[in-house]
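Beneath this line is the structure, given in structure tokens, with notes to follow.
Since every read-out is calculated from the coordinates, none of them should be taken as a lab result. This one's a predicted model, so the numbers in the text were calculated from it and none came from an experiment. So basically every Cβ, Gly included, is an ideal-geometry build from the backbone, and we count neighbours across all protein chains shown.
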Amino acid sequence: MSEKPKHQLFATRIGVIAATVGSAVGLGNIWRFPYEAGVHGGGAFLAIYIVFILILGVPVLCAEFALGRSTHRNVLGCFRQLKPAQPFWRIIGIIGVTSGIMILSFYSVIAGWTLEYFFVSLRGDIAGNSTDELHSMFGAFTTGMRPVIWTIVFLLINYCVIVRGVQKGVERASNVLTPALMVLLAVFCVNSLMMPGAADGLSFLFKPDFSRITPSVVIGAMGQAFFSLSLGLGCMLTYASYFPDRTPLVRSAAVTVGLDVFTAIMAGVLIFPAVFTYGFSPQEGPTLVFEVLPAIFTQVSGGWFWAPLFFFMLFLASLTSTISMSEIGIAWLTQDRGMSRGKACMLVIAIAMVCGVACALSFSYWAGLRLPVIGEFNIFNFFDYTSSNVLLPLGGMLISVFAGWMLDREVLRRQLTTPRNAFSSLASVIAFLLRYVSPVMILVIFIANL
Ligand code: PHE
């Protein structure tokens, strides 16, 4: 039997799926995937990303689920409970809490952009503009003070949800939103497929040009695989600590991974035909999607209706993701540090607000600011790159070493199999990947990048 939980659990099976999918699906799929794929050459990036999802993402997700559910503890408490005499493993928790707050900071900036575009499109201000006008509108927005205000507003909204607790806040929010967003995405994919640039867009996304693979493409794809599955920082571990014992872990992992990859590919199919139709550069980076989406919405009939709806859903999808990244630190502070939930939420949001404002200013007043240790990055890029491409894979590597080598084999097997449906051979494949494949692969990629 696993440890008796000392806190609330997710009430229903659908609640478990809604929460994990809600965490996984978000700006990572719709904003970050197209921008990273664009920068890293499209098809080759997509191909490597999918390989990483399968051989790193799936096993590490199962490991996080097994660790969280078997201990019912937070990302630091879990390792303290399993290996009390080996404090080294708590480093996983430290990486997790730190990168959770780092991601929350820069992610809130982009979520703030979705709020701006929700209101702008609701007022009808993007309708009837040329691509150039939209471009200068976006430039004027990002270089002003409004992104800072939206970042703060978004974090306050996030605070109001998380302070209400695990079940009420998270479960209800995720239940309807994620499916609705997917339907909307599918509708717009069809629209993109009818654009004149569709063939170019699709061949950019789906035709891998393997000569373009460089170490930076590989590390970018690995980072994206971890980022988009909310992996390597104990986020899924923390959520799994709220799973009831009857939740089938491998099946839940499969559903989460499937929907996550599907959403990313849909976002690519939505964005790239438009990129080539309207003459954007796929290499534009973090601003790409926010330039392309308004251009799409000014062209479709009923854009005045679709645009605010889309940005609103994107905002909600971001919220279900930021709820999950906030929970990592909050679970630790409340379970291990004896803090009240209210105080813990306040602390996490306060730190994220300070860092988030710095990230928001990286598109304007601090665009040229380079801190000594950060080198070529501005603050936003530093937070984005370091957390996704360094800390998450590092955390993922340590988690797979722990689950593969340190965790009692029997515990892992029991967590990954269900009494009615013995996935035992699948569990052995996962255990094998965790022991021999994922850690070595991540290490090799890190070394190759030095
Ligand atoms: N997976 C989320 C997304 O794709 C981002 C995220 C990263 C959420 C890390 C939680 C933890 O948007």
> Suppose every K and R has +1 on its Cβ and every D and E has -1 on its Cβ; what is the size of the dipole of the chain about the Cα centre, in Debye to the nearest 20?
Replying inline: 1780
>> Under a crude label model (7 Å from the Cα following the beta-carbon direction), how far is Leu371 from Leu156 in nanometres?
In response: 2.6
> Once every DSSP H run of n ≥ 4 in the chain is given -39500 (n - 2.57) and the sum is divided by its residues, what mean residue ellipticity at 222 nm do you get, rounded to the nearest 500 deg cm²/dmol?
Replying inline: -22000 deg cm²/dmol
> If you average the sequence gap of Cα pairs under 8 Å that are 6 or more apart and divide by the length of segment 101-224, what percent do you get for the contact order?
Replying inline: 23
>> Using only the Cα atoms of segment 190-338, what are the Rg and Dmax in Å?
In response: 18.8, 59
>> Output needed: percent of Cα pairs per 5 Å distance bin for segment 326-450, bins running from 0 to the one holding the longest distance.
In response: 2, 9, 12, 12, 12, 14, 15, 12, 7, 3, 2, 0
> Expressed as a rounded percentage, what relative contact order does segment 80-153 have, with Cα pairs under 8 Å and six or more residues apart?
Replying inline: 36
>> Suppose the chain between Asp408 and Ala448 were pulled fully straight at 0.36 nm per residue; how much longer would it get relative to their current alpha carbon spacing?
In response: 11.2 nm
>> If I take every Cα pair under 8 Å that is 6 or more residues apart in the chain, average their sequence separation and divide by the length, what percent do I get for the relative contact order?
In response: 35
> So which trypsin sites (Lys or Arg not before Pro) in segment 315-383 pass both tests, a DSSP loop state and at most 15 other Cβ atoms within 10 Å of the Cβ?
Replying inline: Arg337, Arg370
> Arranged from highest to lowest average of other beta-carbon atoms within 10 Å per residue, in what order do the peptides 107-114, 145-152 appear?
Replying inline: 107-114, 145-152
> Among Phe280, Ala307, Gly338, which residue has its Cα positioned farthest towards the positive end of the charge dipole of segment 257-343, with +1 placed on the Cβ of Lys and Arg, -1 on the Cβ of Asp and Glu, and the dipole taken about the Cα centre?
Replying inline: Gly338
>> Show me, bin by bin at 20 Å from 0, the whole-percent P(r) of the chain based on Cα pairs.
In response: 27, 59, 14, 0
